[in-house]
1. For the chain, what does the accessible surface come to per residue with a 1.4 Å probe? Please give it in Å².
2. For the chain, what relative contact order do you get, as a whole percent, if you take Cα pairs closer than 8 Å and at least 6 residues apart?
3. Let me know the Rg and Dmax you get for the chain when you use only its Cα atoms, in Å.
4. What are the semi-axes of the equivalent ellipsoid of segment 194-248, taken as the square roots of 5 times the eigenvalues of the Cα gyration tensor, listed largest first and rounded to whole Å?
5. Roughly how many percent of the accessible protein surface of the chain is carbon and sulfur, given a 1.4 Å probe and a whole-percent answer?
6. Let's test the formula: R0 of 51 Å, r as the Cβ-Cβ distance of Ala419 and Glu165. What FRET efficiency results, to the nearest 0.05?
7. Suppose every Lys and Arg Cβ carries +1 and every Asp and Glu Cβ carries -1, with no other charges. What dipole size does the chain come out with about its Cα centre, to the nearest 20 debye?
8. If amide hydrogens are placed 1.01 Å from N in the peptide plane, which non-local residues have theirs closer than 5 Å to the one on Asp293?
Amino acid sequence: MRTKVLLALALLAGCGDRDAAWDAPLPPAPRAYGLEGSVALVDEPAGRLVVVSAGGDLEARPRSVPIEGGFVDAAASSDGARLFVLARGDVPRRSPSDRPPTVQVVGGRSGEGPGERYVLSDPLSSLAVDPSGRFVVAYPSGKDVSFVQNPNELIVIDADRPAAEGANPTPVTLRSFGGRPRALSFTPPLGVPGGPRRLLVVQTEQDLALVDLEAPAAGEITVRLTTGGAKLSPAGVAVSDGEAGKDDARIAVRLEGDPNVVVLSFEQSAPGSSQHAFRPVPNVVAAGGVPSDLAFVRTDAGERLAALVPSRGALTLADTVTGVTSEVELGAAFDRMSLVTDELGEGGGGDVALVWSTSAAEVALVRLGITAGTPYRSVERLALATPVASVRDVPGANRHCKLLASSDGRDLAVLDLVARTASPLVAARGNTALSVSPDGERAWVRAQGSAELALVDLASLHPRNLLLDRPIDGAFEIARPDGGPALVAVHPYGAITLLDARAPDPLAARHYAGFLLGGLP
């Protein structure tokens, strides 16, 4: 392995007057974020991000992005095009030059500079990012960054628009009846009266709040779930846009320990009654048992709400208008569900659901429509070595595959939805981390705190084991300017290793022992 060791001691001896940050110790495991064409390392002592991309010769190409005050949190868009960085600013602020708290946008592609900077009125502690990367919500999550916090205050940022004082960011305070936010989710455009809207769905301990992301200043809409008696806590939501061209979107809410599901439809608001053109109308649907997962699905009889009920070993299909239900017997206590219709290329005959269990060693495919040669609502079960704790999607040409992992990370499997096979992969140690290449051709497996790394070719299922010089804290595959992929392995104290992701060879790798110390050529 070719190694570039920085002459840190010589630099220290030769620098007499410099910023004290360079004398501060590096954290053992700097936080790292994988982006589309780079990896961002948080260098907290120096108050910056070091964003590294890879040249065609695997040479590290760093750029330094100052953080506007103390680093608090960061989150990337799902496509890796943007990283949003939350900073507390200078505390306390004693002069006009002191920096306020901000959310800063950093581009994820090679060569991009700092993006827009959104100023907050008070330091906050967490970020939630819309999967499309357009909307960002900053909110307090209990971390100690301010003396007094309002847990029901959200700051909504439209990252596709420039910062504008009083308009972007927009503060929204949820009406609280004793609860505080526990989960935030972003909907796709939903057909509601007044035109398609994107909503932020906020689950508290006992209520649900809806925020119109394109008009957050209009305020939230609170849906009371608990009005007396036993407290009802939302445990998860499912969203449907309904039929194309119609204002018939729905949001379903399952409740902790309750067999009933609350389904919200939308009606036009009475003139002058609200700043919103729509209002949610709740309805209650019985699932026949406590559901563990929900999804809106297409069947031969139209759209239905599918509720997975482990205690009955069944999938309940409910007509949300009439409340009429039917049941699909699954034969096992499956508790998680994902729709795989698109992956199978079977969009015309109703949806296909993949169900799995965290307690039983099997998965099943459930067909919810009529297709040629396939019985209505057929269930195809497939045995595994261990129960499934997580299911990871695969993009690209292998999108018909899913990566399955057990709770301890030792037992992995590549599930081929078309061939109906589950090919096992066994790790010698537990506590593994699993990732998939952006093109879906490779999977990467590493043992937490170990120098061991394995590349699995998803076409041949051949594993290639690698042993690097140092323990690996993170492994991120990124695009190189020449079009080829590179793997960036992040080590303790800010060291990194770059490998060719298609043909990783430790002898040809580029290792940077003191990357965050500077001095790279």
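The values are calculated or read from the model by the stated rules, or taken from the named source; none is laboratory data. What you see is a predicted model, and the numbers here were worked out from it, not measured in a lab. Note that each Cβ is placed from the backbone with ideal geometry, even for glycine, and that neighbours are counted across all protein chains shown. Side chains are part of the model used for accessible areas, which takes the heavy atoms of the whole protein and leaves out ligands, DNA and RNA. Shrake-Rupley method; radii C 1.70, N 1.55, O 1.52, S 1.80 Å.
1. On a per-residue basis, 43 Å².
2. Dividing the mean separation by the residue count of the chain yields 10 percent.
3. 25.2, 80
4. 24, 15, 9
5. Carbon with sulfur: 51 percent of the solvent-accessible area.
6. E between Ala419 and Glu165, to the nearest 0.05, is 0.35.
7. 560
8. Leu308
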